[in-house]
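To start, the structure under review is shown below, and the notes come after it.
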2 protein chains.
Amino acid sequence: MIENLHTALRKQSRLPLSLKLKYVLRARLERGEWAVGTRIPTLLELVAEYGVSRATVRAALDELEQEGLIQRTRGKGTFVIGDAAKEHWLMLPTDWQSLVRHIEQLKVRFVTLDSGVGPLPLEVPEQSAGSYWWTLRVNWTDHIPYSINTVYVAKRLADLKKAEFEAEPVLPVMNRYFREELHSATQVLTIRAADALAARTLHLEIGTAVAQALRVARNADQEVVYVARVLYPAKYLSVETRFHPGIEPGTLANTH
Amino acid sequence: MIENLHTALRKQSRLPLSLKLKYVLRARLERGEWAVGTRIPTLLELVAEYGVSRATVRAALDELEQEGLIQRTRGKGTFVIGDAAKEHWLMLPTDWQSLVRHIEQLKVRFVTLDSGVGPLPLEVPEQSAGSYWWTLRVNWTDHIPYSINTVYVAKRLADLKKAEFEAEPVLPVMNRYFREELHSATQVLTIRAADALAARTLHLEIGTAVAQALRVARNADQEVVYVARVLYPAKYLSVETRFHPGIEPGTLANTH
């Protein structure tokens, strides 16, 4: 491995040096290089390894300690107490039924910030005309605000189950009452920087990475019946895909 | 929408104010609020809207201009010239054949940083014993270093097609010659902060969001035959999933 940390840390950058050092140390924790329960190098060893001041190392360790990843013990050293890799707890499934079950199992509490009736947002490709009921919500689980959602439902459907849509997560309600309207759906996941609303709502700093899932469901007539734009703090996210190379369509054609 | 930008921008934070403003303006570009070809508000309008100094607005606009998103024209105003939403060009497929085709179509050039023989990395769950050939590469396409890959192949397979594995992207070679060894595979995608190696290699700042795809393929005996740990700059990434709510397994059981 080619590593040149001194140069990389010193590179012209607008981030404070201690913040960069924190990210570098955090990556070592995430990779499991320093396992939970083990002792990490001393302050002086880190000073020597990275060629930075004691104050810089101390500030980086302070932040890791505040995150609950390490604990400093007087005279005994600094120990890993949190599993940095375990932070990715929010599994975003890649099949529909798992997605519905996932939302049901999270035991979401939500706060509605706003709602109304209007057209679809511009970012939805191949729009349908017509009116949509929409709701803007913050979803909480376990005292963590884990997503901010803007969800649209075709008004003719929303009107039929208004009470349910207003009281529950939207997707399970769609799935329970309007399954025959759910013919196909796509989800596009991208990573972007948190803007002011997302940052404040999700307890992040502006500019922190957030994952956006844009889900669009259509009925058999290609009419858009459901749209959700969901923002998650990217650090929580984990997307697991299971492949079946042996049984996928196209396999035979590609086999030699 | 509840927006309180002044407060959010002013919040205690270690990021420079102009950097936070840049992220906020960038989010408006990404959402399509300011479309390509249109004029964005003037410097003084932005000063008034966000309650920050002219120097801060100017610095934020400088960075957006350097990114090729806006262009300032003397006397005529500032115009949107780049599509911020289009940056997410790196599609990561969620089915195996598309993934293989995707790698073939990217016309990857790569630079091998290192390679060797050894055991699997710790982060692979349910390890197999045995020896693996591994290679550490930077992949380029279109003059962009778009991923840094550590790939492992069971040594008994790597030895059979050594020249091909060394000269080509690994996954297509696996798929071409060892299809019968590819029984099942998983991919877990998480977002993390770039460490020094990833930052330097992918031309990012330390701490910038990178997406990690950890792919593990097993044969019918559950032996791990292929592992890839791939890091992408998160800003490029787009993961599209197609759902078929009507025909997925479990559908009938859940229908009322």
Considering only the stretch A:38-52, I want to know if a residue exists there that is part of a helix (DSSP H, G or I) and either under 30 Å from residue A:203 (Cα atoms) or among the polar types (S, T, N, Q) (or both).
no
Residue check, residue A:199 without any contact (Cβ under 8 Å) to a residue 40 or more places away in the chain and within 8 Å of chain B (Cβ to nearest Cβ):
yes
Of all residues in the stretch A:215-256, how many are outside any strand (DSSP E or B), more than 24 Å from residue A:196 (Cα to Cα) and at pLDDT 85 or above?
5
Residue that is nearest to residue B:122 (Cα to Cα), among those in the stretch A:44-75 that are within 14 Å of chain B (Cβ to nearest Cβ) and aliphatic (A, V, I, L, M):
A:69
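Could you check the stretch B:32-68 and list, in sequence order, the residues that are under 23 Å from the mean Cα position of the chain (by Cα) and modelled with pLDDT under 90?
Scanning the stretch B:32-68 gives B:32, B:63, B:66, B:67, B:68.
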With the condition kept exactly as written, say whether any residue in the stretch B:201-223 is in contact with a strand residue (DSSP E or B) (Cβ under 7 Å, 6 or more places away or on another chain), basic (Lys, Arg) and closer than 28 Å to residue B:164 by Cβ.
yes
Heads up, the strands (runs of 3 or more DSSP E) in the stretch A:105-202 (entirely inside) with at least 3 residues that are under 26 Å from the mean Cα position of the chain (by Cα), crowded, with 19+ Cβ neighbours inside 10 Å and assigned by TED's automatic domain parsing to the domain that holds residue A:217 are A:132-141, A:144-154, A:184-193
Only residues in the stretch B:102-123 that are within 19 Å of residue A:33 (Cα to Cα) and in contact (Cβ under 8 Å) with a residue 60 or more places away in the chain count as the first member; pair them with residues that are of a type in the set (Phe, Trp, Tyr) and surrounded by 12 or more Cβ atoms within 10 Å (Cβ to Cβ), Cβ under 8 angstrom, at least 6 apart or cross-chain, and list the lot.
B:120/B:132; B:120/B:152; B:121/B:152
Identity of the residue in the stretch B:33-43, closer than 10 Å to residue B:80 by Cα and surrounded by fewer than 17 Cβ atoms within 10 Å (Cβ to Cβ), that ends up nearest to the other protein chains (Cβ to nearest Cβ)
B:35
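Just to verify a result, which residue in the stretch A:88-104, among those that are in a loop (DSSP other than H, G, I, E, B) and of a type outside the set (A, V, I, L, M), is surrounded by the fewest Cβ atoms within 10 Å (Cβ to Cβ)? Even if it seems obvious, please write down each step before you answer.
From the stretch A:88-104, those in a loop (DSSP other than H, G, I, E, B) are A:88-89, A:92-95; that's our starting set.
Now restrict to residues that are of a type outside the set (A, V, I, L, M): A:88-89, A:93-95.
On the way: A:88: 20, A:89: 13, A:93: 18, A:94: 22, A:95: 18.
So the residue we want is A:89.
The values are calculated or read from the model by the stated rules, or taken from the named source; none is laboratory data. These numbers were taken from a predicted model, which means no experiment stands behind them. Every residue, glycine among them, receives a Cβ derived from its backbone with ideal geometry; neighbour counts consider all protein chains shown.
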